[in-house]
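For reference, the structure discussed in these notes is given below.
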Amino acid sequence: MPDADAGAVPAGCLFCRIAAGDLPARVVLRTPRVLAFEDVNPQAPLHVLVVPVRHVESAAAISEGDGELLEEMLIAAREVAEASGKGGGGYRLVMNVGDDAGNTVPHLHLHVVGGRRLGWPPG
Ligand SMILES: [Zn+2]
């Protein structure tokens with residue numbers, strides 16, 4: 001089981017601390033392995049982050065054996081979008097990797113963004 005070997009958690013990882021309940025967040029969904037909470041700097045009426053409870057550096061750190069975790073994250077994203085009432089017209093799922101993509105927290109997170117017309121390509 002991937003969760004059995006969580007490995008070293010970087011001290012002070014923001015999302016690990018939120019997942020542990022050490023920092024407040026507006027949590028909208030929680031399962032044993034996945035947490036979803038509102039982004040503190042929302043870019044749209046719906047902007048929620050879905051994160052694994054265990055520390056995973058980024059999408060680039062995903063490996064064989066993480067399939068169930070990713071499945072749970074995608075199902076959580078759908079449930080969050082549906083429950084918000086803001087995803088009916090469509091929504092976007094984004095995982096940023098690295099500085100150039102604007103990833104500011106080195107803990108895997110899936111942005112669930114919607115509730116308005118979204119442009120493409122992203123700016
Ligand atoms: Zn973390």
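Kindly provide the set of residues from the range 28-46 that are out of contact with any strand residue (DSSP E or B) (no Cβ under 7 Å at 6 or more places or on another chain) and either farther than 21 Å from Cys13 by Cβ or free of Cβ contacts under 8 Å to residues at least 40 places away in the same chain (or both), ordered by number.
Matches in the range 28-46: Arg30, Pro32, Val40, Asn41, Pro42, Pro45.
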Problem set entry | Lone unmet requirement of (1) closer than 10 Å to Leu46 by Cβ; (2) in contact (Cβ under 8 Å) with a residue 40 or more places away in the chain for Ala81 | (2)
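Residue-wise test of (1) in a strand (DSSP E or B); (2) within 18 Å of Phe15 (Cα to Cα).
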{"residue": "Val48", "(1), (2)": "yes, yes"}
{"residue": "Val56", "(1), (2)": "no, yes"}
{"residue": "Glu68", "(1), (2)": "no, no"}
{"residue": "Glu79", "(1), (2)": "no, no"}
{"residue": "Arg92", "(1), (2)": "yes, no"}
{"residue": "Val97", "(1), (2)": "no, yes"}
Exercise. If Pro42 satisfies every condition in (1) in contact with a Leu (Cβ under 7 Å, 6 or more places away or on another chain); (2) not in a helix (DSSP H, G or I) but one, which is the exception?
Worked result: (1)
Exercise. So how many residues does the range 50-69 have that are crowded, with 16+ Cβ neighbours inside 10 Å and either within 11 Å of the ligand (Cβ to nearest atom) or without any contact (Cβ under 8 Å) to a residue 24 or more places away in the chain (or both)?
Worked result: 7
Problem set entry | Asp22 being surrounded by fewer than 19 Cβ atoms within 10 Å (Cβ to Cβ) and in a helix (DSSP H, G or I) | no
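Where a number appears in this text, it was derived from the coordinates with a stated rule and is not lab data. None of these values were measured; they are calculated from a predicted model. Glycine gets a Cβ as well: all are built from the backbone with ideal geometry, and neighbour counts include every protein chain shown.
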